[in-house]
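Following: one structure in structure tokens, then a few remarks.
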Amino acid sequence: MTKAEILSKMAEEAGITKKAAAAALGSLVGAIHDSLKKKDGKIRIAELGTFRVVKTKARMGVNPRTRDKIKIPAAKVARFSPSAALRTAVKKAK
């Protein structure tokens, strides 16, 4: 599903314009970004899941093209854990 498809669905189901749906989606995405930038970096949305920031350690990797060993630096990355409701909904989907 693309952003345009999401906006169309949001507008139709909420009975609002696509412009209002785009503003709402933009606000949600902005709030998620802002929350993840904070020190604790965690946001929980009921019925959807939890976004959080985790620190990865530096490690050695391999360039698949050249087979050369490379050092992958430590980093902070965003992770998503689905809620039980979302996992159940996906399991039941056909």
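The values are calculated or read from the model by the stated rules, or taken from the named source; none is laboratory data. Worth saying up front: this structure is predicted, and the values here are computed from it rather than measured. Because the Cβ atoms are built from the backbone with ideal geometry, glycine has one as well, and the counts that use them run over all protein chains shown.
Cβ-Cβ contacts under 6 Å between residues 6 or more apart (or on different chains), taken from a first residue in region 77-94 that is touching a residue at least 40 places away in the same chain (Cβ under 8 Å) and surrounded by 10 or more Cβ atoms within 10 Å (Cβ to Cβ) to a second residue that is of a type outside the set (Gly, Ala, Ser) and part of a helix (DSSP H, G or I), are listed as ALA78/LEU36. Among the residues here, ALA24 qualifies as of a type in the set (Gly, Ala, Ser), closer than 22 Å to LEU86 by Cβ and assigned to a helix (DSSP H, G or I). For region 16-46, taking the residues that are hydrophobic (A, V, I, L, M, F, W, C), modelled with pLDDT under 95 and in contact with a Ser or Thr (Cβ under 9 Å, 6 or more places away or on another chain), the one that is surrounded by the fewest Cβ atoms within 10 Å (Cβ to Cβ) is identified as ALA46. Within region 41-94, the only residue that satisfies the criterion of being in contact with a Pro (Cβ under 6 Å, 6 or more places away or on another chain) and either assigned by TED's automatic domain parsing to the domain that holds VAL29 or under 27 Å from VAL29 (Cβ atoms) (or both) is GLY49. Taken over region 72-91, the criterion of being of a type in the set (Val, Ile, Thr) and either over 28 Å from LYS57 (Cβ atoms) or under 18 Å from the mean Cα position of the chain (by Cα) (or both) is satisfied by VAL77, THR88, VAL90.
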